[in-house]
Amino acid sequence: MKKDFYEILGISKSATADEIKKAYRKKAIEFHPDKNPGNKEAEENFKAAAEAYEVLSDANKRAQYDQFGHQAFQGGGFGGGGMNMDDIFSQFGDVFGSAFGGGGFSGFGGGFGGGGREARVKGSSLRIRVKLTLEEIANGVEKKVKVKRKVQAKGVTYKTCSTCNGSGQILKITNTILGRMQTAATCHTCGGAGQILDQKPSNADAQGLVVEEETVSIKIPAGVQDGMQLKVSNKGNDAPGKNSIPGDLIVAIEEVEHETLKREGENLHLDLYISIAEATLGTSKEIDTVTGKVRIKLEEGIQSGKILRLKGKGLPSINSYGTGDLLIHINVWTPKTLNREQRQFFEKMLTDDNFKPNPEKSDKSFFEKVKDMFS
Ligand SMILES: [Zn+2]
C-alpha cells in the first residue's frame, strides 16, 4: 500500500504551495543522503518525499492526485513513479537552496569522489499530437497511439568505455593559486553513456538502436485543453548502454472543432436557430451536448437573444472539481423571401398591437445578458 503524499510530507490537504515547499525542504534535509550515509531507509524516505513533492507542487498533478489518488499516475499516466537520485537533484535543486552550502551533494549524482559512479544517460524525447473531440475531453479517454521509437536492437551488447572507465565523464585536475580544482566534462568517446557499442546486429545504427513501432496507451484526463502537453515517462527513444533510461513521450493535445458546440474555457456555447413560428408558438428542440443529445423545451413567446443555461453540461475543469455550463443562444430566424399569402399576413400584422415590441424588464438586452454571464 503506497503512503499518502500529504502524509509523507506531513501536511494537510489544503496546504498552500508555500507550505508544500517548506514541508518538502524539511523532509529533504532530514533524510538527505549526506546526513545519513549508507542509511537505506533514509534514502527511501528521501525519494518518497521527492515523489510526493513532484506531484503536489504541480497544480495539474495535484488536482489529479486529489481526485484519483495514486492511480492517477500509474500505467503510462503522468510522470511520477521510479525517480532516481539524479532526477531529484536536477529537478528540485532550487528547493534545497543554500541548505547544503551551495549544493555540494557529495554522496550522489554529481559527486566524483566516491568512485564507482555509473553514468546514466536518458534517451531523447518523442513528440506526438493527439486529436480529441469535445466528447472525449468531457469524459477523459484512453488513447492508443502508434509510436516509432528507437530501441536497443536484439543482440546488441555494450562494453565499458575505456576513456572514462564507465563514469561518462572526464575529470580534469588543474592546479590554481586557490589549490587543486576538479572539473568534469562529458566523455567524448561515449557521449556520457559510460559504455560503447561492443557488438550489434547489421540492422542497428551506430549506437546499436533500431526503430520499432510500438502501441502506447495514454490515459488522458478529462478537461484538457488544446495545446496542453502530457508527459509519458519512458516511452521516448532508448539511449545506448546498459544503464540508460528511455526518454519521454510528449503528447500535445489538439482539440477537434465541434460541429455545433463552441468551447470557452469550461463553458460551451451553442447557437440555436428557430423560426418565427416556433418562437411564437413554443417548441421543443433536440440539441447536442458533450454527453449526448438532449431535448429542450422552448416556451411560447421566447425572444431572440435569450440565453438558456444548462448547468453542468459544459466541460469538467482539470484544476478543480467544477464543471462548466452549456449556454444556448436563441436566434429567431427571419425568412428572407415570402410568397404572396405570407406577405399579406405580415402586412396585416404591421398594425397589430400584439406584434409591437414591448420588452419587459426581464427581457434584458444582449449586453446586459453578456454582463450577467461573466459575473
Ligand atoms: Zn566514456
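Assorted remarks:
- Segment LYS22-ARG340, length gained on full extension (0.36 nm per residue, minus Cα span): 106.5 nm
- The trypsin sites (Lys or Arg not before Pro) of the range 243-335 that DSSP puts in a loop, and whose beta carbon has at most 14 other beta carbons within 10 Å, are LYS293, LYS311.
- Of every Cα-Cα pair in the range 258-357, the percent that sits beyond 18 Å: 56 percent
- Peptides 149-156, 251-258 ordered by average Cβ neighbours within 10 Å, highest first: 149-156, 251-258
- Whole-Å distance, taken between Cα centres, linking the range 283-301 and the range 3-46: 53 Å
- Here the translational diffusion coefficient of the range 210-276 follows from Stokes-Einstein with Rh set to the Kirkwood radius across Cα pairs; for 10 °C and 1.306 mPa s it amounts to 102 µm²/s.
- Sites ASP353 and ASN139 - FRET efficiency at Förster radius 41 Å, r taken between beta-carbons, to 0.05: 0.20
- Label zone of LEU310 (point 7 Å out along Cα→Cβ, amide N under 18 Å): in the range 317-332 this covers 317, 323-331.
- Partners of LYS285 within straight-line reach, counting lysines whose Cα lies under 17 Å from its Cα and excluding those fewer than 8 residues away in the same chain: LYS293, LYS297, LYS306, LYS313.
- Under the criterion of Cα pairs below 8 Å and six or more residues apart, the relative contact order for the range 159-310 equals 13 percent.
- When the alpha carbon coordinates of the range 289-332 are projected onto the principal axes, the ranges are 40, 19, 13 Å, largest first.
Taken together, the values in this text are just the output of simple stated rules run on the coordinates, not laboratory data. Please read these numbers as outputs of a predicted model, since none were measured by experiment. All Cβ positions, even for glycine, are placed from backbone atoms using ideal geometry, and neighbour counts span all protein chains on display.
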